Each structure stands twice: as C-alpha cells, then as structure tokens.
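Notes follow the structure.
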Amino acid sequence: MLQDDNVIFSFTGPMGVRVDVGQTLGLLVALLVILSGGQLVHSLMFAALLVLAIFLHELGHAWGSLVQGIPVRRIMLHGGGGFCERARSASAREDELIVAMGPIVNLALWALASLAQWMMWQNPSLLLSPLMSQIYGYLGLFAFLNLALFIFNLIPVQPLDGGKLFHLAMLRVLPQDAAQRVTGLIGLALSILWIPAAVVAYVNLGWILFFIPSIPAHYRMARGQLA
C-alpha cells in the first residue's frame, strides 16, 4: 500500500547516494494533513520528522553496503516507507550488517533525541521560550517515531528488516531449505494475526497501519518455495 516506483524528484544524498522520491510520498503527507483535524503545522512537522527518520534508516542500510564494498544504486522513498537498492547482491554474512544497520540507526536517533530532550528538561527556564518549548516537543516526537520504527522493523515478517534478520539467523543454524520454511511459518502466523491486530490498533489508538505483510508470500516460503 502507498508503494510505487514513479519518481517525481531525485537528489544526491550523503555518501554520494542517489535518492529518489516517489509520488505516493506526497499522497501520504496529504493523508496525514487530512487526518490532522485542522492542525496543519503539527501534521506537516509530523510528516517531515517521519520521512527524515525513514530516510536516515535507509542511509543506515546504504552505509552497511558501502562499508563492505557493495555499491548502492539508490535509495527510494515512497508513501509506504522506503528501500535501499544495491548494485549487486550480497552474501548472507554481508546482509547481516546491511539489514541490521537500519534499525540500529533508528535506535541511535531515539537515544540522541531523548538525551537532547532530557538536557532541555534540566533547564526549566529554557522551556519558557515558546520556540524552545516547541523544539522540546518535536524532539520527543522524533524520539518516539524512531523508537516506533525500530520496534516495528524488528517484527519477523517479510519484507521488514526483522523478517530478513530472522531468516539470516536461521541460516546460521539450519540448512537453507529448513531456514526458509521456519521463516515462512513464523511470518505466516504473524501475517494472519496482523489483520485483527491492525483493527485493534485503529479502534483503540487511532493508528492506521499502511503496511500489511503478504500471507501468500509467507505461505510459499513455509512450503519451501520462493516468496
């Protein structure tokens, strides 16, 4: 959902990596504004901080590739998140670092934003300024978004980082076919539970999950077939 490859804007990011922006990213921002209930500035800041967290997450993957000598073709940002496209495939051992670096970056950003917010809290007079008070609030929001992305991405379903890391972990202890079947079975169970969980999240928290893992893909993996 909200994933596409229709590029509307490109630029060269850190480490010389090309960054493509898909048209559905604009649709996501528009949807957040519509659901904001009139809080335009807050919804735009929320969208900007979310996109920044996703972008830095993908840069983590890119760094994990480049540091191992694997060229990166591009980073793609779209309404459903993003991905880092490599110029060549990586071995399982190389993939471990590449995949892990995305969540690690989000965890580091959560820690840094939380630390900055705590340091501001230690100086109450600083928060008397409306501007500094807003910065304090947005630091907390940025910390929350990165922690949420870290936890979300570690769910062991495909194609999230958690599913890939779980598969890579199984490859260390099981033959390739067995590792794929176990990964598929775990992912299949979680994919089936995802739908009622998404309903509960919307009813109780008002959260809309734009990502739904593929039940057929995990079923094929569980049978030892390519997802």
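Residues of the range 105-137 being of a type in the set (Gly, Ala, Ser) and surrounded by fewer than 17 Cβ atoms within 10 Å (Cβ to Cβ), which ones? 108, 111, 116, 125, 129, 133, 137, listed by residue number.
When residue 56 is tested against (1) within 24 Å of residue 135 (Cβ to Cβ); (2) buried (at least 21 other Cβ atoms within 10 Å of the Cβ), just one condition goes unmet, and that condition is (2).
Going by what's in this entry, would residue 98 be described as free of Cβ contacts under 8 Å to residues at least 40 places away in the same chain and crowded, with 20+ Cβ neighbours inside 10 Å? Criteria met by residue 98. Number of residues in the range 59-91 that are open to solvent by less than 40 Å² (accessible area, probe 1.4 Å) and either of a type in the set (A, V, I, L, M, F, W, C) or modelled with pLDDT of 95 or more (or both): the value is 14.
Okay, residues lined up against (1) touching a residue at least 40 places away in the same chain (Cβ under 8 Å); (2) among the hydroxyl-bearing types (Ser, Thr, Tyr); (3) surrounded by fewer than 18 Cβ atoms within 10 Å (Cβ to Cβ):
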{"residue": "142", "(1), (2), (3)": "yes, no, no"}
{"residue": "148", "(1), (2), (3)": "no, no, yes"}
{"residue": "173", "(1), (2), (3)": "no, no, yes"}
{"residue": "177", "(1), (2), (3)": "yes, no, yes"}
{"residue": "185", "(1), (2), (3)": "no, no, yes"}
{"residue": "199", "(1), (2), (3)": "no, no, yes"}
{"residue": "212", "(1), (2), (3)": "yes, no, yes"}
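Within the range 150-165, the set of residues being in contact with a Pro (Cβ under 7 Å, 6 or more places away or on another chain) and open to solvent by less than 50 Å² (accessible area, probe 1.4 Å) comprises 150, 153, 157, 158, 161, 162, 163. Inside the range 4-29, residues that are in a helix (DSSP H, G or I) and either touching a helix residue (DSSP H, G or I) at 6+ places or on another chain (Cβ under 9 Å) or open to solvent by 20 Å² or more (accessible area, probe 1.4 Å) (or both) make up a count of 9.
Number of residues in the range 43-70 that are closer than 19 Å to residue 7 by Cβ and not aliphatic (A, V, I, L, M): the value is 3.
I'm checking my understanding of the structure. Among residues of the range 214-225 that are over 22 Å from residue 24 (Cβ atoms) and in contact (Cβ under 8 Å) with a residue 24 or more places away in the chain, which one is most open to solvent (accessible area, probe 1.4 Å)?
Step one: list which residues in the range 214-225 are over 22 Å from residue 24 (Cβ atoms), which gives 215-216, 218-225.
Narrowing the set further to residues that are in contact (Cβ under 8 Å) with a residue 24 or more places away in the chain leaves 215, 218-224.
Working: 215: 59, 218: 2, 219: 113, 220: 87, 221: 13, 222: 17, 223: 128, 224: 28 Å².
By that ranking, first place goes to 223.
The values are calculated or read from the model by the stated rules, or taken from the named source; none is laboratory data. Keep in mind the model is a prediction, meaning the values are calculated, not measured. As a convention, Cβ positions derive from the backbone with ideal geometry for all residues, glycine included, and neighbour counts pool all protein chains shown. Heads up: the accessible areas ignore ligands, DNA and RNA and are worked out on the full protein's heavy atoms, side chains in. Shrake-Rupley method; radii C 1.70, N 1.55, O 1.52, S 1.80 Å.
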